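The values are calculated or read from the model by the stated rules, or taken from the named source; none is laboratory data. Source: prediction; values computed, not measured. FYI the Cβ positions are ideal-geometry reconstructions off the backbone, even for glycines, and counts take in every protein chain you see. Heavy atoms of the whole protein, side chains included, go into the accessibility calculation; ligands, DNA and RNA do not. Shrake-Rupley method; radii C 1.70, N 1.55, O 1.52, S 1.80 Å.
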Amino acid sequence: MGVMSTTAMEATSVMMMMKNHKHFEIKNCLHNPYSSDKKLVGEFNPKISIEKAVTPPSSWYTNPSFFALELDHLFYTGWLAVGYTEQINDPRDFFTGRIGQVEFVVCRDDNGIIHAFHNVCRHHASLLASGTGKKSCFVCPYHGWTYGLNGALLKATRITGIQNFDVNEFGLVPLQVATWGPFVLLNMDKENTHQQEIESNAVAKEWLGSCSEILSLNGVDSSLSFVSRREYTIECNWKVFCDNYLDGGYHVPYAHKGLASGLKLDSYSTTTFEKVSIQRCEGGCNESNDNVDRLGSEALYAFIYPNFMINRYGPWMDTNLVIPLGPRKCKVVFDYFLEDSLKDDKAFIEKSLEDSENVQMEDIILCEGVQRGLESPAYDSGRYAPTVENAMHHFHCLLYDNLIK
């Protein structure tokens with residue numbers, strides 16, 4: 001065998017180093033797939049006061065892998081509002097939904113117990129149910145496997161000859177579910193899938209912290225009747241919509257002139273709690289028996305981290321659920337509730353919903369414009385208006401705390 005030249009030996013050595021380095025990079029990436037995204041998280045500093053702070057970088061709103069980090073650290077852990085109790089008011093009622101890659105179904109069984117599951121057949125992964133309605137069981141549309149409302153596998157078709165199969169191990173995969181007031185909540189944490197319906201007081205402490213009583217005392221309860229649902233798909237990152245909501249009414253006189261005329265904007269105030277911020281504003285009109293104003297004498301806007309808003313004004317309550325669909329797309333679900341004394345006043349309801357629709361259209365234009373600006377090379381970070389945007393800053397600090405872990 002000939003002696004390898006110095007040049008050949010050096011080349012071999014470099015190739016081995018590159019191979020080892022590549023192996024290390026792949027191994028390190030598998031160990032911490034979000035290492036580069038954690039650097040993006042660190043570009044925002046929550047310890048700097050709002051007066052001196054800059055906003056999170058535009059990459060928080062545009063980067064696909066950062067979006068994946070958010071799903072794992074925000075939406076697949078902790079409690080999230082996903083619907084309202086009237087959707088599962090009676091036995092056999094159900095509704096479905098999706099957060100990130102998680103397809104879910106929530107139902108009430110014949111004993112009145114609420115359950116939640118991954119909406120996926122254990123046979124070949126077909127979705128089981130869609131929309132809302134009533135079912136006595138869930139039958140897979142693909143091969144007919146059938147599950148009870150308690151998640152148990154009741155029937156597996158044409159499996160003669162199958163081996164090492166335990167029917168008790170092939171029920172639907174459960175999710176934690178709870179209710180608070182009129183809302184249905186899910187916890188998608190994989191560590192807790194063995195549990196089912198959770199006691200509401202325990203959930204309230206985790207989801208709402210110290211302000212659950214404040215919301216209850218301000219008319220956020222189950223006494224109102226559901227009126228309508230409207231959904232909007234918006235070409236913006238989900239946080240753009242949240243930021244818009246949390247600017248302390250800053251944009252209202254410029255973008256919502258009709259809404260501004262019904263509010264005393266100089267009365268606007270914001271209070272932050274553990275995971276909640278509450279904005280309040282006096283209405284421009286007082287309610288009377290002869291003329292009920294949509295906004296009433298005071299409006300309360302509560303943001304519940306990370307993606308749920310409760311708006312209580314006059315006889316109305318509406319909720320906004322912001323569902324991330326991708327780095328630059330989200331869906332916002334508006335549910336409207338009304339005090340019983342007005343639920344048959346069709347003219348009032350129609351006019352109120354029309355006014356609300358106008359505000360949403362104005363906000364959609366704003367949010368989609370902001371998203372396009374965030375994608376521009378001209379913008380990286382901005383600043384806060386300290387006297388009004390403290391709820392937004394609070395939101396960004398909570399995001400940092402969750403994402404840096």
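For the residue pair residue 325 and residue 354, what label-to-label distance in nm results when each label sits 7 Å from Cα along the Cα-to-beta-carbon direction?
With each label point 7 Å from Cα toward Cβ, the separation is 2.8 nm.
Of 38/329; 134/239; 47/331; 47/264; 135/239; 205/329, which ones are farther than 27 Å apart at the Cα?
Distance filter (> 27 Å) returns 134/239; 47/331; 47/264; 135/239; 205/329.
Select from region 35-113 those trypsin sites (Lys or Arg not before Pro) which occupy a DSSP coil region and have at most 13 other Cβ atoms within 10 Å, ordered by residue number. Present the calculation step by step, with values, prior to reporting the outcome.
Numbers: sites: 38, 39, 47, 52, 92, 98, 108; in loops: 47, 52, 92.
The qualifying sites are 47, 52.
When the chain is treated as a GNM, springs tying every alpha-carbon pair under 10 Å, which of 235, 375, 389 comes out with the largest mean-square fluctuation?
375
Rounded to whole Hz and in sequence order, give me ³J(HN,Hα) for region 126-131 from the Karplus expression 6.51 cos²θ - 1.76 cosθ + 1.60, θ = phi - 60°, writing x for Gly and Pro.
5, 5, 8, 10, 9, x
What nm value, rounded to one decimal, do you get for the distance between residue 134 and residue 89 when each label is placed 7 Å out toward the C-beta?
So the two model labels end up 1.2 nm from each other.
Expressed in nm to one decimal, what extension gain is obtained for the pair residue 257 and residue 387 from 0.36 nm per residue of sequence separation less their Cα-Cα distance?
44.7 nm
Restricting to DSSP H runs of at least four residues, report the calculated mean residue ellipticity at 222 nm for the chain, -39500 (n - 2.57) per run over all residues, nearest 500 deg cm²/dmol.
My calculation for the chain gives -8500 deg cm²/dmol from helical runs alone.
Using a 1.4 Å probe and counting only protein heavy atoms, arrange 67, 165 so the residue with the most accessible area comes first.
Largest to smallest exposure gives the sequence 165, 67.
Based on the Cβ-Cβ distance of residue 210 and residue 231, what FRET efficiency does E = 1/(1 + (r/R0)^6) give at R0 = 30 Å, to the nearest 0.05?
It comes out at approximately 0.40.
With springs connecting C-alpha atoms under 10 Å apart, model the chain as a Gaussian network and identify which of 359, 177, 276 has the largest mean-square fluctuation.
Between 359, 177, 276, it is 359 that shows the largest mean-square fluctuation.
Looking at the chain as a GNM with Cα springs under 10 Å, which of 170, 117, 337 has the largest mean-square fluctuation?
Residue with maximal mean-square fluctuation among 170, 117, 337: 170.
Sort region 63-159 into rounded, prolate or oblate with this rule: let a ≥ b ≥ c be the square roots of the eigenvalues of the Cα gyration tensor; rounded if a/c is under 1.5, and if a/c is not under 1.5, prolate when a/b is larger than b/c, oblate otherwise.
Numbers: a/c = 2.58, a/b = 1.36, b/c = 1.90.
Oblate is the answer for region 63-159, as a/c is 1.5 or above yet b/c matches or exceeds a/b.
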